[in-house]
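Undergrad: Dropping a structure here in structure tokens format, bear with me for questions.
Values in this text are rule-based calculations from the coordinates and carry no lab data. Since this is a predicted model, take the numbers as computed values, not measurements. Don't worry about glycine lacking a Cβ; one is built from the backbone with ideal geometry, like all the others, and counts go over all protein chains shown.
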């Protein structure tokens, strides 16, 4: 049965790939774009395409936009929170305003979208919310502290939300991609200026390698879109879905390291209970 998707950030990357995959399988897609030019380009994909000009950081505009989609296009079956970007920078060299902007897009915008669709999904006792986080919501790398913070936040929100609404017929999945051939490490990444030499050995090689690998990552966005489409339509979707061999490898390594550390300090952890 055909579904209606609402996907944020459909101009490029995962959002665009998923929109095209959904359309090719007979579904209707409403997608958020940043300007009228992107609106025209997106709506050229076909008759079942509806562009919504919306900046997800303008949280006051989100609820009216979602209500308009519901009334003008149809019931939103699947919300995909895809809009986001990466901030690369040493924490000491990055401003608090940088942190606020990172969270405004990657966290606050996503939560506002969820809050806007939930009354409609709750009334119907049906719906699926997909939050595209990152393997960076589970693992960490130096130079991405603000980005990891935002993605860890969205991971926690997704898990808790899923427990709040599981008995209302609404499903929640956090999708954790690894490195894919999107614009994330290129046009979509904000890079803080360097100023403190003490961090050169940590960040410079990583920044150089990340820029060189942009466009050459192991992940195929079209294959990711097919995986997300399968998950979105599943009657029993997982709470988490890793995408990409690098995500699987790095998250498995992180889990082993966590368990080893917990085990090594278990006696100290257990010593803090009331006697």
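Undergrad: How would 8, 140 line up from fewest to most surrounding beta-carbon atoms within 10 angstrom? Provide the component values of the computation, followed by the final result.
TA: On the way: 8 24, 140 17.
Starting with the residue having the fewest Cβ neighbours, the order is 140, 8.
Undergrad: Still on this structure, please answer the following. Build a GNM of the chain with springs between Cα atoms under 10 Å: which of 20, 104, 164 gets the top mean-square fluctuation?
TA: Between 20, 104, 164, it is 164 that shows the largest mean-square fluctuation.
Undergrad: Moving to a separate point now. According to a simple spin-label model (label point 7 Å from Cα along Cα-to-Cβ), what is the distance in nm between residue 262 and residue 126?
TA: Taking the simple label geometry, residue 126 and residue 262 are separated by 3.8 nm.
Undergrad: Now, a different point. When a/c reaches 1.5 or more, the comparison of a/b and b/c decides; with that in mind, is the range 4-246 rounded, prolate or oblate per its Cα gyration tensor? Don't jump to the answer; show the numbers that get you there.
TA: Numbers: a/c = 1.70, a/b = 1.60, b/c = 1.06.
Here the range 4-246 falls in the prolate category.
Undergrad: Which FRET efficiency value, to the nearest 0.05, is calculated for residue 255 and residue 234 with the Förster distance at 35 angstrom and r the Cβ-Cβ distance? The partial results should precede the final answer.
TA: Values: r = 24 Å, r/R0 = 0.68.
Using R0 = 35 Å, I get an efficiency of 0.90.
Undergrad: Relative contact order, percent, of the chain when contacts are C-alpha pairs under 8 Å separated by at least 6 residues?
TA: That works out to 19 percent.
Undergrad: Okay, moving on. Once label points are set 7 Å from the Cα along Cα→Cβ at both residue 275 and residue 63, what is their separation, rounded to one decimal in nm?
TA: Reported label-point gap for residue 275 and residue 63 is 5.4 nm.
Undergrad: For the Cα atoms of the chain, what angle does the longest principal axis make with the long axis of helix 109-124, in degrees from 0 to 90, nearest 10?
TA: So the helix axis and the longest Cα principal axis differ by about 50 degrees.
Undergrad: Sort the range 200-241 into rounded, prolate or oblate with this rule: let a ≥ b ≥ c be the square roots of the eigenvalues of the Cα gyration tensor; rounded if a/c is under 1.5, and if a/c is not under 1.5, prolate when a/b is larger than b/c, oblate otherwise.
TA: Working: a/c = 7.42, a/b = 2.51, b/c = 2.96.
In terms of gyration-tensor shape, oblate.
Undergrad: If I model a spin label as a point 7 Å beyond the Cα along the Cα-Cβ vector, how far apart are those points for residue 201 and residue 216 in nm?
TA: That separation, rounded to one decimal, is 2.6 nm.
Undergrad: First measure r as the distance between the Cβ atoms of residue 98 and residue 208, then evaluate 1/(1 + (r/R0)^6) with R0 = 22 Å and state the FRET efficiency to the nearest 0.05.
TA: Once the sixth-power term is evaluated, E becomes 0.55.
Undergrad: From Cα pairs below 8 angstrom and at least 6 apart in sequence, can you work out the relative contact order of the range 165-250, rounded to a whole percent? Show your work: numbers first, answer last.
TA: Details: 71 pairs, mean separation 46.9, N = 86.
The value is 54 percent.
Undergrad: For the chain, what does -39500 (n - 2.57) per DSSP helix run (n ≥ 4), summed and divided by total residues, give at 222 nm, in deg cm²/dmol to the nearest 500? It would help to have the intermediate numbers written out before the result.
TA: On the way: 10 runs with 130 residues, N = 275.
That calculation yields -15000 deg cm²/dmol at 222 nm.
Undergrad: Classify the range 74-182 as rounded, prolate or oblate from the Cα gyration tensor: take a ≥ b ≥ c as the square roots of its eigenvalues, call it rounded if a/c is under 1.5, otherwise prolate when a/b beats b/c and oblate if not. Please report the intermediate quantities before stating the final value.
TA: Numbers: a/c = 2.43, a/b = 2.11, b/c = 1.15.
Note, shape of the range 74-182 comes out prolate.
Undergrad: Give me the percent relative contact order of the range 81-132, please, defined on Cα pairs under 8 angstrom at least 6 residues apart. Don't skip to the end; give the middle numbers.
TA: Working: 22 pairs, mean separation 28.0, N = 52.
So the answer I get is 54 percent.
Undergrad: Still on this structure: In which sequence would 274, 53, 69, 111 go, from the one with the fewest C-beta neighbours within 10 Å to the one with the most?
TA: Values: 274 3, 53 13, 69 22, 111 18.
Fewest-to-most Cβ neighbours within 10 Å comes out as 274, 53, 111, 69.
Undergrad: Give the angle, between 0 and 90 degrees and rounded to the nearest 10, that separates the Cα long axis of helix 200-213 from the longest principal axis of the Cα atoms of the chain.
TA: The answer is roughly 30 degrees.
Undergrad: Would you order 210, 125 from fewest to most other beta-carbon atoms within 10 Å of each residue's own beta-carbon? Before the final figure, lay out the partial values.
TA: Working: 210 21, 125 10.
Going from sparsest to densest Cβ surroundings: 125, 210.
Undergrad: Same structure, new question: Angle check, please: helix 245-264 long axis (alpha carbons) against the longest principal axis of the chain (alpha carbons), in degrees 0 to 90, nearest 10.
TA: 50
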